[in-house]
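The values are calculated or read from the model by the stated rules, or taken from the named source; none is laboratory data. A quick note: this is a predicted structure, and the numbers were derived from the prediction, not measured. Counting neighbours? That spans all protein chains shown, and the Cβs are built from the backbone with ideal geometry, glycine included. These area figures cover heavy atoms from the full protein model, side chains too; ligands, DNA and RNA do not enter into them. Shrake-Rupley method; radii C 1.70, N 1.55, O 1.52, S 1.80 Å.
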Amino acid sequence: MNWFEANPRKARWLVALLCILLLEGLTRLLVGAGLLAYRTYPTSRVPQYWASIDPVVGVWRYPNATLVQKERCSTVTYRSNSAGARDPERLQRSTAERRFVVLGDSFIEGYGLDAEDRVTNLLEARTGVEFLNFATSGGFGTIQEWLLYTSKVQGYDHTDVLLFILPANDFEDNDPQEFPAKSYRPFLRPQGEGYEVYYTVPWERRVRDERRLSTVIKNTIDNHLYLANVLRWATSELKGGVKAGTKEQRLALNGSDYDRHSPADFRVMTYALDQLVRAAGERRVFMVTIPTENDFAAARRGETSRLVGEMTAFAARYPNVRYRDLLPDFLDDAGTSGQSFTDYLLECDNHWGKLGNKLVAERLESWFFAGDQSAVVTPRSGPAHESAQSIP
């Protein structure tokens, strides 16, 4: 009788361990070859980069922080400056003839990309004009962008404001029903003929974003055991996957993301935009809408969007505001180059990849620096313009 026959229970455990080790080794080889996805999970008790740390806008970055993030198809290092922006250190005072400040969400922050490949860095390299990037991830909506502008950004000398709007989630980001009750975020509620800013919880009672010890332990294990890491990724993919229909059927069913808002949603957004324009004073304000694959597919089917008309009418109320929808730019370039919309995105994520950022930078450069873009001191008065405090 050999050892395996004499110790059947131990033998089963040994065989199981050897199988796990073999699978772990194979998984590491496949990850190293890029055939399987691997991502790192945070192991600190509190977030080290994005967190609910700002009493005005809620989520923001710690100043002078660094985060290395391994996602399914990329490894990216994020760094913030002393103001908490993912940007080089910037002087507040400037005598430059033109200087942009930029507001937006994860698309414009450059989520999943090295900073030099995102649209603002490309524009700065192409033109020599500074584009101060204050965009951030974290479910950042137009209310927060307006408040960020007045609380942090306005103190930097600038001639132009560039605001990116993602209709797919910016209306949701302005809606308190879309977030847990204890999330610390600014929202708007009706007051008289206008709106007032409020927070769902006091600053002192906000959720501190602290991770449970069990989560930290699990993340640590998953970071070191590749087999567990890949299984966690695969489970997440299955949960988030589409269960029925082809991709084309799903896109047709979903329709455009541009028009999934109510009139009340649009009034809330335009109130925030109106306040931002007023705070900008004489400066030029450029507003840009970002399309998704749903919007691209809907446009290819000949569907039109009411949002573009609504935003065009809003911008027309102010002589210093310009509006551009990026959807025609993607449609035009795809028609010329034969690209599909996913070619403009990251390989395994719905944010812009290098090609998408390059296209947007090229189109916006000609828009910003062609023709007369002079600003007028104040918005027009009269019936076409409503007071910021009297928007119904």
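So the values come out like this:
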{"item": "Options 237, 210, 248: the member that is among the acidic types (Asp, Glu), modelled with pLDDT under 90 and farther than 27 Å from residue 73 by Cβ", "result": "210"}
{"item": "Tally, over the range 46-81, of residues that are aromatic (Phe, Trp, Tyr), open to solvent by 30 Å² or more (accessible area, probe 1.4 Å) and in contact with a Phe, Trp or Tyr (Cβ under 7 Å, 6 or more places away or on another chain)", "result": "1"}
{"item": "Number of the condition not met by residue 220 [criteria: (1) under 30 Å from residue 21 (Cα atoms); (2) open to solvent by 100 Å² or more (accessible area, probe 1.4 Å); (3) not aliphatic (A, V, I, L, M)]", "result": "(2)"}
{"item": "Filtered residues of the range 261-285 (kept if among the hydrophobic types (A, V, I, L, M, F, W, C) and open to solvent by less than 10 Å² (accessible area, probe 1.4 Å))", "result": "269, 272, 273, 276, 277, 280, 285"}
{"item": "Test: residue in the range 105-120 that is free of Cβ contacts under 8 Å to residues at least 24 places away in the same chain, surrounded by fewer than 16 Cβ atoms within 10 Å (Cβ to Cβ), part of a helix (DSSP H, G or I) and over 16 Å from the mean Cα position of the chain (by Cα)", "result": "yes"}
{"item": "Single unsatisfied condition, residue 334 versus (1) under 22 Å from the mean Cα position of the chain (by Cα); (2) open to solvent by less than 10 Å² (accessible area, probe 1.4 Å); (3) closer than 22 Å to residue 73 by Cβ; (4) not β-branched (Val, Ile, Thr)", "result": "(1)"}
{"item": "First in the range 325-352 and assigned to a helix (DSSP H, G or I), second anywhere and charged (D, E, K, R), Cβ under 6 Å, 6 or more apart", "result": "327/295; 329/363; 341/293"}
{"item": "Unique match (being within 21 Å of the chain's Cα centre (by Cα), modelled with pLDDT of 95 or more and outside any helix (DSSP H, G or I)) among 268, 285", "result": "285"}
{"item": "Test: residue in the range 7-25 that is among the aromatic types (Phe, Trp, Tyr) and at pLDDT 90 or above", "result": "yes"}
{"item": "Answer from 91, 67, 29 - the residue that is outside any loop (DSSP other than H, G, I, E, B) and closer than 29 Å to residue 141 by Cα", "result": "67"}
{"item": "Failed item in (1) open to solvent by 70 Å² or more (accessible area, probe 1.4 Å); (2) out of contact with any helix residue (DSSP H, G or I) (no Cβ under 9 Å at 6 or more places or on another chain); (3) within 30 Å of residue 173 (Cβ to Cβ), with residue 21 passing the rest", "result": "(3)"}
{"item": "Answer residue from the range 290-317, given it is surrounded by 20 or more Cβ atoms within 10 Å (Cβ to Cβ) and of a type in the set (S, T, N, Q) and is farthest from residue 359 (Cα to Cα) among those", "result": "305"}
{"item": "Residue count, the range 164-182 (criterion: in a helix (DSSP H, G or I), under 17 Å from residue 52 (Cα atoms) and in contact with a Ser or Thr (Cβ under 7 Å, 6 or more places away or on another chain))", "result": "1"}
{"item": "Residue match in the range 253-265 (condition: closer than 29 Å to residue 353 by Cβ, modelled with pLDDT under 95 and part of a helix (DSSP H, G or I))", "result": "yes"}
{"item": "Options 99, 45; residue that is more than 19 Å from the chain's Cα centre (by Cα), charged (D, E, K, R) and farther than 29 Å from residue 216 by Cα", "result": "99"}
{"item": "Where residue 80 falls short, out of the listed (1) without any contact (Cβ under 8 Å) to a residue 24 or more places away in the chain; (2) closer than 23 Å to residue 120 by Cβ; (3) polar (S, T, N, Q)", "result": "(1)"}
